[in-house]
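Everything on this sheet refers to the single structure shown next.
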Amino acid sequence: MTETSTSELSLTETTPSPEPASAPAPTLEPDLTHARPAVRKCGAAYRRAFNAYMETADEKDPHWAKSHAADKGKLAFREAMPVLSSFEGIRDFIACTAHGILMGAIPQEQSGHLLYAAQVALATLQREPKPRKPA
């Protein structure tokens with residue numbers, strides 16, 4: 001085992017590692033460029049409602065304003081969710097629900113109900129009678 005002086009140790013411990021020059025700035029919003037179009041639509045509805053409320057909000061209490069803007073965004077997110085009328089709609093509904101749960105747009109109390117509704121819709125869709133072939 002080689003011996004190292006304490007001055008060498010402290011020098012290496014206190015030297016910060018260089019940050020890459022091209023590191024992107026941190027963002028609070030997830031990158032949805034590769035998300036399904038329905039998820040992007042729900043996220044865009046949230047942002048539009050949030051920003052619209054913030055533009056008219058009173059600056060006296062920004063915490064209160066952000067809380068109410070988030071409530072408006074959550075409602076817009078849920079209203080933009082796809083209809084459960086086709087396989088693609090159900091799949092997109094599930095994706096939006098999962099994303100909404102992760103971002104806090106869908107309360108935990110509602111998440112199970114929404115996913116159950118998607119499950120029932122999918123089961124119903126799979127049991128639709130198939131069209132008969134003409135004789």
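Quick notes
- Pair list, Cβ under 9 Å, 6 or more apart: segment 38-58 residue free of Cβ contacts under 8 Å to residues at least 24 places away in the same chain and charged (D, E, K, R), other residue surrounded by 15 or more Cβ atoms within 10 Å (Cβ to Cβ) and part of a helix (DSSP H, G or I): 58/65
- Test for residue 124: is it free of Cβ contacts under 8 Å to residues at least 40 places away in the same chain, part of a helix (DSSP H, G or I), more than 21 Å from residue 41 (Cα to Cα) and not charged (D, E, K, R): yes
- Scoring residue 105 on the criteria (1) free of Cβ contacts under 8 Å to residues at least 40 places away in the same chain; (2) under 19 Å from residue 48 (Cα atoms) leaves a single failure, condition (1).
A short reminder: the numbers here are calculations on the coordinates, not readings from a lab. As the structure is a prediction and not an experimental result, all values here were calculated from the model. So basically every Cβ, Gly included, is an ideal-geometry build from the backbone, and we count neighbours across all protein chains shown.
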